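Notes to accompany the following structure.
The values are calculated or read from the model by the stated rules, or taken from the named source; none is laboratory data. From a predicted model like this one, the values you see are computed outputs, not experimental measurements. In this analysis, Cβ positions are derived from the backbone assuming ideal geometry, glycine residues included, and neighbour counts consider all displayed protein chains.
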Amino acid sequence: MQNARFQIYTGEGKGKTTCALGLALRGLGYGWKVYFGQFLKDTETGESRLLSAMEGVTFQQFGSGRSLLPGVRAEDVDRECALRGLECIKHALTSGEYDLVVADEINMSWVLGMLTEEEWLECAQARTPSTELVFTGRGLPPCAREEADLITEMREIKHYYHAGVFAREGIEY
């Protein structure tokens, strides 16, 4: 692929993973090979079901099974999972096998202290000129603005969560 770029989808609003999934679907439509790695997650979701079954996609999750949200202290097992994910993402970026590599929730892994800014940056810089790279998740390390070619911030204006509607199958997972 010519002119591959590094994109980041971040912010407090809904839609970061969904945006990356849409980009993966679009690339698959053109015959791209896609690697989609999810940090923090380890449960079956609509996207894991679909991506695992699709030709042209390698899908992996790097969650510990613990529910990690801002304010929850990450443990050694969480960092180990994040580091395993980091190695898988870097391998996908350097293998020459993939046209698009998505590191879903890698930013949140940094926010929670499971990855250092240096590890985050080293992963981003591992990309080859022919591999499109997407990072998602709330928060950005300071180096992100300089490193990324595109940063889109999802901003919540209104969310049904505040009215007591929680995650729904097929919509949020």
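Looking at (1) more than 13 Å from the chain's Cα centre (by Cα); (2) in a helix (DSSP H, G or I), which is the one condition that is false for Cys123?
Failed condition: (1).
In segment 46-84, which residues are at pLDDT below 85 and charged (D, E, K, R)?
Answer for segment 46-84, where residues must be at pLDDT below 85 and charged (D, E, K, R): Arg66, Arg73.
Go through segment 119-154 and report how many residues are buried (at least 20 other Cβ atoms within 10 Å of the Cβ) and aliphatic (A, V, I, L, M).
5
Which one is modelled with the highest pLDDT, of the residues in segment 144-173 that are hydroxyl-bearing (Ser, Thr, Tyr) and in contact with a helix residue (DSSP H, G or I) (Cβ under 8 Å, 6 or more places away or on another chain)?
Thr152
Give Gly71, Gly56, Gly46, Gly96 a once-over and let me know the one that is in contact with an Asp or Glu (Cβ under 9 Å, 6 or more places away or on another chain) and not aliphatic (A, V, I, L, M).
Gly46
Report, ordered by the first and then the second residue, all pairs with beta carbons closer than 9 Å, sequence separation of six or more or different chains, a first member in segment 147-171 that is farther than 24 Å from Phe135 by Cβ, and a second member that is in a strand (DSSP E or B).
Pairs found: none.
If you go through segment 46-58 one residue at a time, do you hit one that is without any contact (Cβ under 8 Å) to a residue 24 or more places away in the chain and under 21 Å from Gly96 (Cα atoms)?
Checked segment 46-58: at least one residue is without any contact (Cβ under 8 Å) to a residue 24 or more places away in the chain and under 21 Å from Gly96 (Cα atoms).
Could you look through segment 126-173, keep only residues that are in a helix (DSSP H, G or I) and among the aromatic types (Phe, Trp, Tyr), and pick out the one that is farthest from Glu105 (Cα to Cα)?
Once the filter is applied, the top-ranked residue is Tyr160.
For residues in segment 11-45 being under 14 Å from Met108 (Cβ atoms) and aliphatic (A, V, I, L, M), which is modelled with the highest pLDDT?
Ranking the qualifying residues of segment 11-45, first place goes to Ala20.
Among the residues of segment 128-162, what is the count of those that are more than 21 Å from Leu28 (Cβ to Cβ), touching a strand residue (DSSP E or B) at 6+ places or on another chain (Cβ under 8 Å) and among the hydrophobic types (A, V, I, L, M, F, W, C)?
Selection size over segment 128-162: 5.
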